[in-house]
Structures are given as structure tokens and as C-alpha cells.
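Input: a single structure, listed below in C-alpha cells.
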Amino acid sequence: METYNSSNIKTLEFDALIIGGGGSGMRTSLELAKSGLKTAVVSKVFPTRSHTVSAQGGITCAIASADPNDDWRWHMYDTVKGSDYIGDQDAIEYMCSEGPKAVFELEHMGLPFSRFDNGRIYQRPFGGQSKDFGKGGQAARTCAAADRTGHALLHTLYQNNIKEGSNFLNEWFAVDLVLNQAKEVTGVIAFSIESGEVAYLKSQATVMATGGAGRIYSSTTNALINTGDGLGMALRAGFPAQDMEMWQFHPTGIYGAGSLVTEGCRGEGGYLINAEGERFMERYAPNAKDLAGRDVVARSMVLEILEGRGCGENKDHVFLKLDHLGADVLNAKLPGICELSRTFAGVDPVYNPIPVVPTCHYMMGGTPTNIHGQAYTQSNGVDEIVSGLFSVGEAACVSVHGANRLGGNSLLDLVVFGRAAGIHIQEALKTGGGVANADRDDIDQALDSLNKINSSNEGFEVAEVKRELQSVMQNYFGVFRRGDYMEKGVAALGDIREKISNLHLKDKSMAFNTSRVEALELQNLFEVAEATAIASFQRTESRGAHARDDFKERDDENWLCHSLYDPIQKTLNKRDVNFAPAQVETFEPKVRTY
Amino acid sequence: MIDVNIYRYNPETDKFPYTQTYSIKKPEKDIMLLELLNLLKEQDSSISYRRSCREGVCGSDGMNINGKNGLACITPISEAIKNNKIELRPLPGLPVIRDLVVDMTEFYAQYDKIKPFLQNETQPPVQERLQSPVDRDKLDGLYECILCACCSTSCPSFWWNPDKFVGPAALLQAYRFIADSRDTKTAERLEALSDPFSVYRCHGIMNCVNVCPKDLNPNKAIGEIKSMLLSGSKKENIIASDGMS
């Protein structure tokens, strides 16, 4: 088929370009829609199909509804502690203090929050929440719309973007960043999925709002579309990624589907068994057994699988046994799990065990940014802003989540920093900020990956390579990590890179060719996976979600810092954590216990 | 073995659509139809369909399954297989882009037309607008719509007049804002629906209720709108439904 170059594709010019139509992208676009700047949201799915829609529990924020004395500083304390002290305190301060404004705005836009009797927004307790800096007991700080808060939030944002007349390029797929000679970002190469038409989308500000990449693992709660496209593009362009070793897991996700199975199953007396039918948790945690900490349980599960005692044809999961509890108990106490298991595992827990695996849930790392969403790179250890490039939401690492995110903080992150980026971009562009033009060669270079995949006549199958990649990540970089295993994993990824560079796109057609999209998504997944692998291997300590068996302790002396992955050298550097909030005293690192 | 008959059409190569039969070993586990499609796509990467959340909340994979609209990701193949066959066709009544992918422009245009956003001209307070739990309950069964289009594309009235009849999905959302105690444009919203087509082309066929994968009831919402238009009944008289269907 035709080789694309700067002369045979069209150029569409914008002031600001937002890649991704989920919560963070649409909050950014909403801010920009009011500014009069020429903006477009480029989304590979119709915006309400974005993964924000799957968020359930709520949006955590000190709006002082459940408790009139609630204080954003308490929320900040919880978040800093939850991050295991590598969340940036200036950013956490900004999120927690600006949060109420952002939540009230959502309510004014029409978000159908649940309500207390007094008419105020309903708030529920979530994990890691406290009053009075950990001294006042459990707080209830998560604002909810039943258990569909993400759906309500995403639809409300889309509706208000309609109201403000935002411009959407729906079902357009962004392939790669375009960089000028000064290494400023001048836009992206993208194509319409419907027609296949390729274009250079030129912009003064390019915002990556592309969400997470949970699909690097074989088991994830994430949507099929969560392939880390923005981060993949940034890494291919040579920009660094921060804290990529920090992935949040849940011990019991349904094997294959990834839907969550509550810890309450084990609370009711259920337990995990391996292929030999052995209740293996008795070996790992003789006292608490299956009710040991989530990280301990998840780690034990992975060890069983790695040592060949996993269940099923591929020996890659274990079973959660519930049948001994009897139909009455199961139907009375765990009806939701029974239904979920029947729907998504094809298993009735009354008779058979549920196949489960530790399930990837959230990417704490991402493109490093400041609170305005401006992307950073480093030059000789010194932070430098990347002109033209912004990142918000799960794709970004601002960093408010550090080594471990608290429940309900992701939705707050989306709206607070989406809004902040929108405000910053309009001010910057109105005062003359902007980037120089890219020349023809620059644009041609950004067309490379698309041309390469389009011209492939032979090579590796996308579905096969994807399965291989996910299996390596699942087995070597899961909940539990160990140097010798990770070394094998890094080597395996080296082999997979060869295949990634030689994928075969059989179907070269133009109209709604989803196989082309899937091939390009796989390339993004690979970039994210490699960054994750190298960062995990090199952070020689355990902190938050990064649990290493060979380095069991937190090492503040050497690792009270961000990791910064350099995709060109494939090395890991260190970057300072911000300990200088503006309005409150620094929260000093302490031993983290709950 | 089961036969999966898929509607195929690629505008670049096909003059007419046709049905392609894929024979596949019936999976031992009762997987979802979406997973079956993913398996078929590994054999034939040219099959095109939309998908995202794979758990029934994003509304991407609405399609016509053995003659009835539904979401592939929450339809077990045990429900879909009839006489060892599964018939998959695009949602009816909308132009086909390719295979199971339809052009939803008209569907979204109807959604945009009902002004699907809260309108309230009063200055918002510093904090949230208050809403009683009773008033909030009136939105249950309405706001949960995922815009999958299963309902509107099963509606003969929408097939006939997709440009003039708003259709069940968008009417459900029209009522969602009419019913919201915080919205002050009730009269204007009703006025906009008072022509002979927008709402009155609904003849209570109830296909929308039969197919909704979220168990919502657009027919009931449409009835409420008609009742408000005809009898001039007021927003204050809206009663929360104890589950819409």
C-alpha cells in the first residue's frame, strides 16, 4: 500500500490537542472549550466508552459533607502516607486543597451524586482514610453516585463538552508524536479508524490523556483499550517515564476476565488451593492463612504458579474454593460473587472453585509532570520542561499516588489535573507560548511506525506476541518480584522486542480496520512493559506496591525518590521527590502501618 | 462444533454484504460472545467490531444476536447458541461501516438534540446544589444508560424516522433532565418534544424494554413525557420509580 510522507497526508491545525476522551481528557477539553482556542479531543473510542466509565466506588475529597469538620490536610496526610512517601507533596497538596472546587463543579454540571438526608453529597468510608492526621479514626471521604461514580462522572463530562461545543475527533487513533529539531512536540500523526485517512494533527500543545496500560498483564481489571498509547508514544520519542515499577494489584481477580472477587469470600471461610488441591496459604502464613495481607496472599499465589503448581492447562492460575460453605451461605452472603462467577468464569461456586489470579488494576507511574500537566524530561540530572507536551490522569505521574494509590483518588486526580492543565494551556497560549514548526523530515520520521506496519508482508502474529508479552509480565513482574526472576523477564522482553519490530499486519484495508489498531496498540504495550520491567528490576527495595522478596525492606537511604526510566539508554535514574508543600508543614517519612 | 454466521461487509472490496460462516469448536467453558469473537478474530483478523470495557458498562459492543439486540460482552454463548448456530448482525437500522460496526451519527445526533446536560440559570452556590434523597431517587433507572443503542435500533419507529423521532435512548435522557430537581428548563425541554414526531412516534411497541442490557425502561419514561405534555402535569409530581422495569 501507499507509503505516507509529509506531502501526501493532510495537516489539520489546532491550538491544543487532547489525546484521549476519558475523564482527564474531557476535563481538560471542557476548560479549553470556554477559552475560544481551537481544540480537538482525539479519542480512539467514542468518549463514553473510555475506561473511566468502569470506576465504581467514588471520588475522594474533603468536601466536609459526611463530617462538617473534615479537612483537606487530613486527606493530604492520608495520601502522602498511602504513597509510601514518594508522592510529591506539592502536587498532593494541590489536589487535596483544590479538590472540593473540582467536585462542586461536577455537581453543578449535573453529576447525579447520591445524597444524605440534608441534601448534601453522600460520602462513604474507603481504605486508608483517617481523621486528624491518622489520630481521629476512620473518615468517610469518598463522594459517590451509588457504585457507578465513574459512569456518572464520564457521562457528565461528555454532556458538558456537548454543551460547550467541544470538538471531537472520535474513533481517531494517534500513532506517534511529531517532534521538531528542537525536540519540541508539535502534534501527532493520527488516522481516522472509520476511513483510514492519515493526518498530521499539528498543535501548540499536545495533551496525553490516554489512561493506563493494564493490558500489559494477562490478568487485569482494565478495559481492552487500556494499552498505554500516550506513554508508548512518549517513550518511542525518547521522553522518560517515572515510577513505572509501581502497579497496583488485587489478589483475587477472575482468571481470564479480570473481574474482581471480594476478599469477603475468604472472610466467609473460602480458601485458595493449587493444582494438587493443597491449601497452600498454610505454608506461607501459618496463622492468618488466606486472610493474610493482600500483598502476602498475592505473592504466595504467584510463587505457586512459578513453581509449577498452578491450575489449568497452562498452569497459570489457582482456585478459590467456596463449595464447602454450602449453597445457603453462598446465596445469602455472597450472591454477587456467585453471579459474577457464573457470568465471567462459567463456574458456579456452589459446586466448583473459582479460577483466580492476582489482577493488575492501576498504573501509578507515567510521564512525569508538574501540577500544570507540563511534561518533564531530564538533562544531566536537571528537570527540563518538554515544550508542547502535557500529560494528565493515569497516563501522567504528577505524582500524587507515589508507590500506592488510595481508593477514590484516581477520579479526583483526573478532574483536578485535567482542569489545571486546561487553565495553564489557555494562559500560556494567550501570552504567546508555543512551539516552532516541524519540518518535512520530522513529519516523515513520525510516520515510520505506521509505514512499517503497513508494508509488512510477513512476520509475527499480533495476538500471539501480545499473549507472550502479557504472560512474561504476569509471571515475572506481578505483585511479587525477585531479582533472578526479573532478570529472566527482562531477557525475555529483549526477544519479544524483535517480534514487536516485525509484526505482520495481514489486513491492509482502510475502513474500520481494527487489526491495524491492535498492532499499534501492542507496540505501545511493549514500551510500557519494558519500562516497567527495567524499573522494577533496578529498584532494589520494597515500597508500596513494589514488593521484592530479595529486598524486603523499604530503603529510605537509597530509594526515597522517584525512578526515572530513560528509554534511549534503557537505564534507571533517580529524581527527587517534592517535600515542600506551600501551605502546610512537610509530612516526614514514617514507618507505614495501618 | 458450532457455526457462527457473521454479517460481513467491507466497503473497499464488497459490492454487497454477505454472511460468512465460521465453524469453531464449542469452548468447554461458557465464555461470553465477545470472547468468542476475539477468538475468531485471531483466525481471521479482518473481522471488525467495537469493544472496550468487556463488562457491560461502556456500551461499545451492541449487536444483533440471533435477531435480538444485546451486548456481546455480557451475553454467554450458551444463551446465544440456537441449533448449534449463532447469527451475528450489526445493529439494525443504521448504516453499516464495516461488518458489525454501524455508523451511529444519527443516534448521537438525537442525543445531542435533547440537550443532555443540566440547565440551571441561577448562580450556583459555593458548594453543591442541595438535592433531597427523594429527588435524587427520581434519577434512578434513567442516568445509568450506557448509550449502546440496543433500544433505539430495535425500534421500528426509529427505523422509519431516525432523523425526526428522538428514539428511546435519547428520550430516556430527555426525561432524566426533566426529572432532575436541579434542572430549571422543564417547560423548554417539553416544548422541544411537542411536535408530532419527537416523542409521539413512540407507539409503545416495547422492543426497547425487551432488549435493554441494563434493564432500564425507556417506554415508561416516554409515557411520563407524554403525560406531562398532554395533561400539563408538573415536575413536582414526578414519583421515583422503584426500579424502572
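Annotations
- Shape category assigned to the range A:49-89 from the gyration tensor of Cα positions, a/c cut at 1.5: oblate
- Within chain A, the whole DSSP H helices whose Cα atoms reach 24 Å or more along their own axis and whose mean Kyte-Doolittle score is at least -0.5 are A:89-109, A:409-430, A:483-500, A:514-538.
- Taking the charge dipole of the protein assembly as shown about its Cα centre, with +1 at Lys and Arg Cβ atoms and -1 at Asp and Glu Cβ atoms, the residue from A:ILE568, A:VAL479, A:ALA144 reaching farthest to the positive side is A:ALA144.
- If you take the Cα centroid of the range B:60-81 and the Cα centroid of the range A:461-495, the two points sit 34 Å apart.
- Prolate/oblate/rounded call for the range A:396-460, Cα gyration tensor, a/c under 1.5 rounded: oblate
- Proxy reagent accessibility, fewest Cβ within 10 Å first, across B:ASP112, A:ASP70: B:ASP112, A:ASP70
- Leading residue at positive end of dipole, the range B:9-147 (Cβ point charges), from B:PHE16, B:VAL96, B:TYR108: B:PHE16
- The fraction of all Cα pairs in the range A:1-156 landing in successive 10 Å bins from 0 to the largest distance is 10, 31, 31, 16, 7, 4, 1, given as whole percents.
- Put a plus charge on the Cβ of each Lys and Arg, a minus charge on the Cβ of each Asp and Glu, and nothing anywhere else: the dipole of the range B:65-201 about its Cα centre is then about 340 debye.
- Annotation: aspartates and glutamates with alpha-carbon distance below 19 angstrom to B:LYS25 (same-chain offsets under eight excluded): A:GLU313, B:ASP3, B:GLU35, B:GLU42, B:ASP44, B:GLU79, B:GLU87.
- Gyration tensor verdict on the range A:354-476 (Cα atoms; rounded if a/c is under 1.5, prolate if a/b is larger than b/c, oblate otherwise): oblate
- As a proxy for reagent exposure, ranking B:ASP140, B:ASP103, A:ASP328, A:ASP78 by other Cβ atoms within 10 Å from fewest up yields A:ASP328, B:ASP103, B:ASP140, A:ASP78.
- Just so you know, the Rg over Rh for chain A is 0.96, from Cα atoms, with Rh as the Kirkwood radius.
- The shape of the range A:185-226 can be summarised by an equivalent ellipsoid whose semi-axes, obtained from the alpha carbon gyration tensor, come to 26, 15, 7 Å from longest to shortest.
- Annotation for the range A:111-181 versus the range B:148-176: alpha-carbon center distance of 28 Å.
- The residue list A:ILE354, A:TYR376, A:ILE305 was ranked by how far each Cα lies along the charge dipole of the range A:305-377 toward its positive end, using unit charges on Cβ atoms, and A:TYR376 comes out on top.
- Longest site-free stretch - chain B; sites: GluC sites (Glu not before Pro), DSSP loop, at most 16 other Cβ within 10 Å: B:122-245
- For A:ASP147, net neighbour charge (Lys/Arg +1, Asp/Glu -1) across residues whose Cβ lies under 14 Å away: 0
- Per DSSP, loop GluC sites (Glu not before Pro) in the range A:375-460 with at most 15 further Cβ within 10 Å: A:GLU458
- If only the Cβ of Lys and Arg carry +1 and only the Cβ of Asp and Glu carry -1, the dipole of the range A:1-106 around its Cα centre is close to 560 debye.
- For A:LYS131, the lysines whose Cα comes closer than 23 Å to its Cα, not counting residues fewer than 8 places off in the same chain, are A:LYS81, A:LYS101, A:LYS590.
- Inverse mean reciprocal Cα-Cα distance (Kirkwood Rh) of chain B, Å: 19.5
- Basic side chains Lys and Arg get +1 at the Cβ, acidic Asp and Glu get -1 at the Cβ, and with that the dipole of the range A:489-584 about its Cα centre reaches some 300 debye.
- Cross-link check: pairs A:LYS44/A:LYS202; B:LYS68/B:LYS226; A:LYS163/A:LYS183; B:LYS164/B:LYS220; A:LYS10/B:LYS41; A:LYS34/B:LYS138 evaluated at a Cα-Cα cut-off of 25 Å; pairs beyond the cut-off: B:LYS68/B:LYS226; A:LYS163/A:LYS183; A:LYS10/B:LYS41; A:LYS34/B:LYS138.
- Ordering A:PHE14, A:PHE579, A:PHE173 from the fewest to the most neighbouring beta carbons within 10 Å gives A:PHE579, A:PHE14, A:PHE173.
- Tail beyond 19 Å, pair distance distribution of the range A:298-407 (Cα, percent): 65
Values in this text are rule-based calculations from the coordinates and carry no lab data. Just so it is clear, the model here is predicted, and its values are computed rather than measured. Every residue, glycine among them, receives a Cβ derived from its backbone with ideal geometry; neighbour counts consider all protein chains shown.
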